[in-house]
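See structure below.
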Amino acid sequence: LEPQDLAGVRVVISAGGTREPIDPVRFLGNRSSGRQGVALAVEAAARGGDVDLVAANITADVLAEVRHPRIRVRTVGTAAQLGEAMTDAAASADVVIMAAAVADYRPAEASDQKLTKEAGILDRIDLVENPDIVTGLAASRPQGQTIVAFAAETLSDPEQRRERARRKRERKGVDLLAVNLADADHGFEKADNAIEVIGDGGAVVATADGSKRHVARALWDAVQKTRS
Ligand code: C5P
């Protein structure tokens with residue numbers, strides 16, 4: 001039996017990856033399956049939390065794992081939709097976890113007609129930058145709210161990874177930054193994940209390596225330590 005240490009705690013989690021439309025048949029996307037975010041939602045609900053899961057392009061088989069009376073799912077597609085849903089849900093949350101992979105850029109214009117190479121308009125796509133959602137949430141957070149961001153890292157040197165994570169945590173103004181290792185055995189599209197959690201003053205406050213549920217448990221333990 002899991003501890004009920006999140007009973008009465010309102011949690012918002014984003015998961016999956018955004019898709020930025022180019023035309024009706026194409027998009028700019030990423031490899032996030034949503035599994036780590038879903039595991040965080042399932043773990044939170046199992047510990048008594050009330051969960052809003054904002055799901056960006058998560059497949060039905062992965063989403064099937066979240067059927068729980070205390071998990072509410074909102075589905076979104078683009079970074080703009082994700083930002084809107086998060087802003088809405090985060091207003092009344094005690095903990096926000098941004099596990100979704102958000103596109104840094106979107107096509108400046110999405111064509112309503114399929115683009116063709118014959119017309120010579122597929123050789124370049126003008127991009128505009130998307131706002132950083134978690135930075136915005138952190139800047140206008142309600143008092144007492146704890147915010148966690150993720151960072152996927154392919155750097156193999158642990159000290160370099162940590163340094164980058166420390167800067168990212170400061171820049172985004174979040175309480176915890178979970179660095180997840182994206183390599184051949186961990187991270188995107190994999191069953192397992194490995195994280196290192198950076199907290200106050202850049203300290204490593206937790207590490208975990210194993211199933212995404214195991215990693216979720218360790219991250220929630222770190223969140224609870226930060227909140228207490
Ligand atoms: O800077 P980087 O993309 O590595 O940061 C990743 C973290 O920032 C994740 O928590 C991700 O959800 C969040 N993010 C965001 N809005 C963006 C880009 C990333 O909230 N436009």
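The values are calculated or read from the model by the stated rules, or taken from the named source; none is laboratory data. Note that the structure is a prediction, hence the values are computed from the model and not measured. All Cβ positions, glycine included, derive from the backbone under ideal geometry; neighbour counts span all protein chains shown.
Pairing residues of the range 131-151 that are closer than 20 Å to residue 197 by Cβ and in contact (Cβ under 8 Å) with a residue 24 or more places away in the chain with residues that are more than 13 Å from the ligand (Cβ to nearest atom) and part of a helix (DSSP H, G or I), at Cβ distances under 8 Å and at least 6 apart in sequence or on separate chains, gives 146/223; 146/226; 146/227; 148/223.
Among the residues that make up the range 9-31, is at least one of them among the β-branched types (Val, Ile, Thr) and assigned to a helix (DSSP H, G or I)?
Taking every residue of the range 9-31 in turn, none turns out to be among the β-branched types (Val, Ile, Thr) and assigned to a helix (DSSP H, G or I).
Against the condition surrounded by fewer than 20 Cβ atoms within 10 Å (Cβ to Cβ) and charged (D, E, K, R), how does residue 35 come out, does it pass? So residue 35 fails the test. Of all the criteria given as (1) away from the ligand (no atom under 12 Å from the Cβ); (2) closer than 22 Å to residue 83 by Cβ, the one not satisfied by residue 124 is (2).
Conditions (1) among the polar types (S, T, N, Q); (2) at pLDDT 95 or above; (3) near the ligand (Cβ under 9 Å from one of its atoms); (4) surrounded by 21 or more Cβ atoms within 10 Å (Cβ to Cβ), marked per residue:
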site: 69; (1), (2), (3), (4): no, yes, no, no
site: 119; (1), (2), (3), (4): no, no, no, no
site: 146; (1), (2), (3), (4): yes, yes, no, no
site: 156; (1), (2), (3), (4): yes, no, no, no
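On inspection, residue 91 does not qualify as surrounded by 14 or more Cβ atoms within 10 Å (Cβ to Cβ) and within 30 Å of residue 146 (Cβ to Cβ).
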